[in-house]
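The values are calculated or read from the model by the stated rules, or taken from the named source; none is laboratory data. Predicted model only: the values in this text are computed from it and were never measured. Don't worry about glycine lacking a Cβ; one is built from the backbone with ideal geometry, like all the others, and counts go over all protein chains shown. Only protein heavy atoms, including side chains, enter the accessible area calculation; ligands, DNA and RNA are left aside. Shrake-Rupley method; radii C 1.70, N 1.55, O 1.52, S 1.80 Å.
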Amino acid sequence: MVTRSRMERELLGALRELSEAELPLGELFTRLNVLLREPLGVDASCWHGTDPATGLVTSTVMENLDPRGFERAAYLELWAPEPLTFAGLRASGQRVGSLRRAAGEKLDESARYRELIAPFGFGDELRVNFDLPSGCWGAATFLRATDRGPYTERELGMMERFSAHIGQMLWRSYQGTVPKGEGQPLPGIAVLGPRGQLVSADPRAEAVLAELAETSPSSTGVPSGVITVAEHARGLGAAGRRDVPSRSRVRTRTGQWLTLHASLLEGRPDGQVAIVVAPATPAEVLPMALMSLGLTAREQDVAILVAQGHTTDTIARTLAITPATVQDHLKAIFTKARVRSRREFIAQLVGMSAGPQGVARGA
């Protein structure tokens with residue numbers, strides 16, 4: 001009989017082997033799902049690539065779920081009062097949580113449970129953010145049939161232990177660069193209707209939508225990253241925060257970083273949303289470049305000031321730390337970037353943010 005501790009050791013070994021395969025993100029999610037399905041008791045799943053800076057969903061791989069529910073799921077995730085969301089889990093300082101544990105006796109008050117979970121024979125939902133100190137590298141939702149019972153504390157603990165390993169794997173998928181493209185494409189514009197359907201798009205936006213198309217498309221055919229940033233704008237509008245930008249970065253299959261900017265056309269959360277698709281500027285790519293090196297949040301603060309040409313003393317005053325602490329951060333930054341000086345580090349950042357940035361393995 002295989003003990004749980006032995007099973008976890010074997011699973012950890014399989015995860016380490018998978019981390020060496022350097023697979024495209026979609027295939028990596030599929031392989032991870034196969035590994036975790038039985039140990040976690042999973043009957044359906046949804047894996048997400050995310051914008052490392054904001055945690056907003058940029059891509060989706062589903063198993064045994066109806067993609068027609070994605071628009072509603074995005075709405076409930078981003079601007080409805082739900083007991084368990086990716087953002088709420090992150091704000092609580094936890095990586096892993098279950099819906100039944102979060103909702104307690106008020107499970108039926110969850111619209112997601114009533115509309116998207118219980119009607120399809122599922123009884124509980126486990127959510128996990130694959131966050132590291134350097135950024136938000138992905139997320140996943142696991143559902144199980146009602147007759148299996150709720151997720152146990154042991155299963156939540158196992159996923160907690162594996163989450164950092166998976167986060168490291170996803171972080172590695174963002175590393176590296178691709179050759180520069182031939183010139184910068186012009187921005188594109190797409191308009192989504194109240195139900196997430198594509199109302200109109202110019203040729204550039206149409207090309208981007210085709211490039212971001214997923215194996216598990218939504219019912220509208222619009223990529224999940226585009227739907228997510230649109231729902232984010234709707235949520236901000238409903239909360240009276242229209243002055244807060246709704247923006248997310250996504251990668252194309254060729255590794256180019258694009259920025260999606262969403263805004264409410266009629267000023268109403270239930271109206272049309274305009275999505276401007278534009279090549280990410282060097283300033284927008286820079287945080288991604290720093291995160292891809294595995295820098296912590298504080299190391300990123302120091303690195304940005306270094307890139308701006310500030311001295312050690314100026315950085316120390318700006319961040320309210322000692323010059324010695326700045327030097328310690330610089331040593332860590334140079335080690336992770338595999339450089340020996342500020343000059344080499346800045347040259348590397350310029351190379352990472354000057355052209356289409358991403359990985360040779362498509363998102």
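Where residues in the range 289-317 are among the charged types (D, E, K, R) and open to solvent by 40 Å² or more (accessible area, probe 1.4 Å), which of them is farthest from Cys136 (Cα to Cα)?
My answer is Asp313.
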Scanning the range 233-288 for residues that are in a loop (DSSP other than H, G, I, E, B), under 16 Å from Gly193 (Cα atoms) and in contact (Cβ under 8 Å) with a residue 12 or more places away in the chain, the one most open to solvent (accessible area, probe 1.4 Å) turns out to be Arg268
Is it the case that some residue within the range 122-136 is of a type in the set (S, T, N, Q) and at pLDDT 95 or above?
yes
If we scan the range 68-87, do we find a residue that is at pLDDT 90 or above, among the β-branched types (Val, Ile, Thr) and in contact with a Gly (Cβ under 8 Å, 6 or more places away or on another chain)?
no
Hey, does the range 104-115 have a residue that's in contact (Cβ under 8 Å) with a residue 40 or more places away in the chain and either in a loop (DSSP other than H, G, I, E, B) or open to solvent by less than 20 Å² (accessible area, probe 1.4 Å) (or both)?
no
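Give the range 318-350 a look and list any residue that's among the small types (Gly, Ala, Ser) and either exposed (fewer than 14 other Cβ atoms within 10 Å of the Cβ) or part of a loop (DSSP other than H, G, I, E, B) (or both), or say none.
In the first step, residues of the range 318-350 are kept if they are among the small types (Gly, Ala, Ser); the result is 320, 324, 332, 337, 341, 347.
Listed by number, the residues that qualify are Ala320, Ala324, Ser341, Ala347.
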Testing Phe162 on (1) open to solvent by less than 50 Å² (accessible area, probe 1.4 Å); (2) within 16 Å of the chain's Cα centre (by Cα); (3) modelled with pLDDT of 80 or more, one condition comes back false. Which one is that?
(2)
Would you confirm whether or not the range 42-60 contains a residue that is open to solvent by less than 30 Å² (accessible area, probe 1.4 Å), among the charged types (D, E, K, R) and touching a Lys or Arg at 6+ places or on another chain (Cβ under 9 Å)?
yes
Hey, among the residues in the range 116-155 that are under 29 Å from Leu293 (Cα atoms) and not in a strand (DSSP E or B), which one's least open to solvent (accessible area, probe 1.4 Å)?
Ser134
